[in-house]
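> What follows is a single structure, and I will ask about it in a moment.
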């Protein structure tokens with residue numbers, strides 16, 4: 001349920017920004033990511049359509065459930081009047097021993113996207129563990145994605161790279177290094193404003209910087225993680241067992257964190273962005289709220305800023 005405080009916060013739009021965005025509203029396409037619902041894809045489609053979003057981003061659960069029957073998924077989405085905007089295809093490792101299998105997996109997912117009537121294939125890179133990162137890692141990732149992008153392009157499915165926390169493309173300078181080695185013709189960018197913010201960057205400036213790369217945007221907010229309850233910190237650890245890190249940040253609904261969303265929207269207007277803007281929330285941040293209620297908060301934030309969902 002949307003609280004009065006959240007409703008009032010969502011009304012804080014700058015009039016100049018709202019007015020300037022009116023002309024852009026018709027060309028933008030807003031979607032919503034089904035990740036918040038986990039494997040409950042039917043419920044995700046029901047709720048996302050009911051809230052009024054026009055597109056959906058799906059993950060590996062979609063391939064697991066519909067990989068051998070993409071037409072069933074295509075028909076279900078059509079019944080909900082939802083466009084299959086993006087499939088999150090999983091991680092892309094730069095380990096040479098895994099390269100052949102990894103490329104084959106993602107190409108298979110791209111074929112599924114095409115058969116199910118989808119548009120984009122998304123990959124996130126897999127940061128090597130237990131060793132120092134070297135410049136050659138970024139170069140290898142850029143080249144590997146370019147090769148993958150060539151193969152998915154042959155199927156008519158563009159590849160978008162999602163920079164991400166805990167990946168090679170976490171910090172701004174790392175994103176730069178990866179893209180320097182990538183072929184812009186075959187590797188496009190899914191720019192995530194909250195991941196970029198948490199990685200130490202300015203998403204407003206980055207949208208302008210990468211305007212020739214960005215095909216898809218992820219819209220969400222981020223705030224410091226709330227303190228863990230005292231009992232949660234008392235976890236027995238066996239000798240040699242790695243200690244789990246307590247997250248220092250939490251992804252939240254639009255307007256509830258520290259991302260300069262007004263600046264993001266202005267930058268979107270300034271670069272004439274007309275692609276998919278996917279609202280994404282990994283999980284419901286507050287106990288007692290449903291994924292659908294979070295989607296409603298996000299929609300209200302956008303509508304109150306002049307966007308037509």
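> Which residues, taken from region 270-302, are surrounded by fewer than 16 Cβ atoms within 10 Å (Cβ to Cβ) and assigned to a helix (DSSP H, G or I)?
270
> Let me ask you something else. Quick one: how many residues across region 209-228 are farther than 26 Å from residue 285 by Cα and not in a strand (DSSP E or B)?
Of the residues in region 209-228, 5 are farther than 26 Å from residue 285 by Cα and not in a strand (DSSP E or B).
> Name the one entry in 206, 182 that is in contact (Cβ under 8 Å) with a residue 12 or more places away in the chain, assigned to a helix (DSSP H, G or I) and in contact with a helix residue (DSSP H, G or I) (Cβ under 8 Å, 6 or more places away or on another chain).
The conditions single out 206.
> How many of the residues making up region 136-161 are in a strand (DSSP E or B) and either surrounded by fewer than 19 Cβ atoms within 10 Å (Cβ to Cβ) or in contact with a helix residue (DSSP H, G or I) (Cβ under 8 Å, 6 or more places away or on another chain) (or both)?
Qualifying residue count for the region: 2.
> Please specify each residue of region 77-86 satisfying the condition of being within 18 Å of the chain's Cα centre (by Cα) and surrounded by 20 or more Cβ atoms within 10 Å (Cβ to Cβ).
82, 84, 85, 86 - these are the residues of region 77-86 that are within 18 Å of the chain's Cα centre (by Cα) and surrounded by 20 or more Cβ atoms within 10 Å (Cβ to Cβ).
> Cβ-Cβ distance below 6 Å, separation of 6 or more or different chains: which pairs start in region 151-174 with a residue that is on the phi < 0 side of the Ramachandran plot and at pLDDT 95 or above and end on one that is surrounded by fewer than 21 Cβ atoms within 10 Å (Cβ to Cβ) and in a strand (DSSP E or B)?
If the second residue must be surrounded by fewer than 21 Cβ atoms within 10 Å (Cβ to Cβ) and in a strand (DSSP E or B), the pairs left are 160/215.
> What tally of residues in region 77-118 results from selecting those that are assigned to a strand (DSSP E or B) and on the phi > 0 side of the Ramachandran plot?
Counting residues in region 77-118 that are assigned to a strand (DSSP E or B) and on the phi > 0 side of the Ramachandran plot gives 1.
> Return the total of residues in region 38-76 being assigned to a helix (DSSP H, G or I) and surrounded by fewer than 22 Cβ atoms within 10 Å (Cβ to Cβ).
19
> Here's another thing I want to ask about it. Inspect region 173-185 for any residue being closer than 23 Å to residue 57 by Cα and surrounded by fewer than 18 Cβ atoms within 10 Å (Cβ to Cβ) and give the result as yes or no.
Checked against the condition, which is being closer than 23 Å to residue 57 by Cα and surrounded by fewer than 18 Cβ atoms within 10 Å (Cβ to Cβ), region 173-185 yields at least one hit.
> Please indicate, with yes or no, whether at least one residue in region 33-43 is at pLDDT below 95 and under 24 Å from residue 273 (Cα atoms).
Checked against the condition, which is being at pLDDT below 95 and under 24 Å from residue 273 (Cα atoms), region 33-43 yields no hits at all.
The values are calculated or read from the model by the stated rules, or taken from the named source; none is laboratory data. The structure presented is a predicted model; accordingly, all values stated were derived computationally and were not measured. Don't worry about glycine lacking a Cβ; one is built from the backbone with ideal geometry, like all the others, and counts go over all protein chains shown.
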